[in-house]
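Written out below as structure tokens is the structure these notes cover.
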């Protein structure tokens, strides 16, 4: 799964990397993003827009928005089958902007876990494949939420966890965001494990275990 990640790049860097033409949310860097928080996403709408979604997808048919806590991730292999994700998979796809993400490695004693930070070797931000939904409350308000898609692990991730977030190569992003694209085969082909050779991982402080801790030293390597 993917339950915590980092977004530290400036808006200017993100605008250039994702070819953004309109910014709807001026966000601050965040070094320990957790579920139920607002996150920066890219959607296609005649051009790429930078928008704010709540992390934890609430399906349009849900009675209670608290279901979003169970919907922070969606397995790539079952997107077209699951009631919660099928509609969004067809028409409401997005990119979640990240600079890295955390996963926890079990230590030899089998009891403790060490947080690991995964990022691209080049240090640039990347786009995680996601889905979004608009949920309408009875009082007329709208809640916009999203989920991060996970896929099989690559060689770097496999010793730590059996899933990883689906990172999209730059040349795949516009296909994923294209609202006219609805071919499940084409879309599924985009959700392969990312090239492990372009990534790196290292241990970080257990401070990141607390969702309330959000400081730049979250991503400092531990000695």
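No lab work stands behind these numbers, since they all come straight from the coordinates. Predicted model only: the values in this text are computed from it and were never measured. Here the Cβ is made from the backbone with ideal geometry for all residues, glycine too, and neighbour counts use every protein chain on show.
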- [ ] For the range 5-210, just say rounded, prolate or oblate: build the C-alpha gyration tensor, square-root its eigenvalues into a ≥ b ≥ c, call rounded for a/c under 1.5, and beyond that prolate if a/b exceeds b/c, oblate if not.
- [x] rounded
Task: Percent of beta bridges antiparallel (DSSP, the chain, rounded to nearest 5) - done: 85
TODO: Starting from the Cα-Cα distance between residue 13 and residue 142, subtract it from 0.36 nm times their residue separation and give me the gain in nm to one decimal.
DONE: 43.5 nm
Open item on the list: For a protection proxy built on the mean count of beta-carbon atoms within 10 angstrom, sort 49-56, 78-85 highest first, please.
Closed with: 49-56, 78-85
TODO: Rank by packing, highest mean first: peptides 108-117, 185-194, 86-95, with packing defined as the count of other Cβ atoms within 10 Å averaged across residues.
DONE: 86-95, 185-194, 108-117
TODO: Pairs of Cα atoms under 8 Å, at least six residues apart: use those to get the relative contact order of the range 90-175, whole percent.
DONE: 27
Task: Relative contact order, percent, the range 5-210 [alpha-carbon distance under 8 Å, six or more residues apart] - done: 21
Task: At R0 = 35 Å, FRET efficiency that the Cβ-Cβ distance of residue 82 and residue 220 yields, to 0.05 - done: 0.40
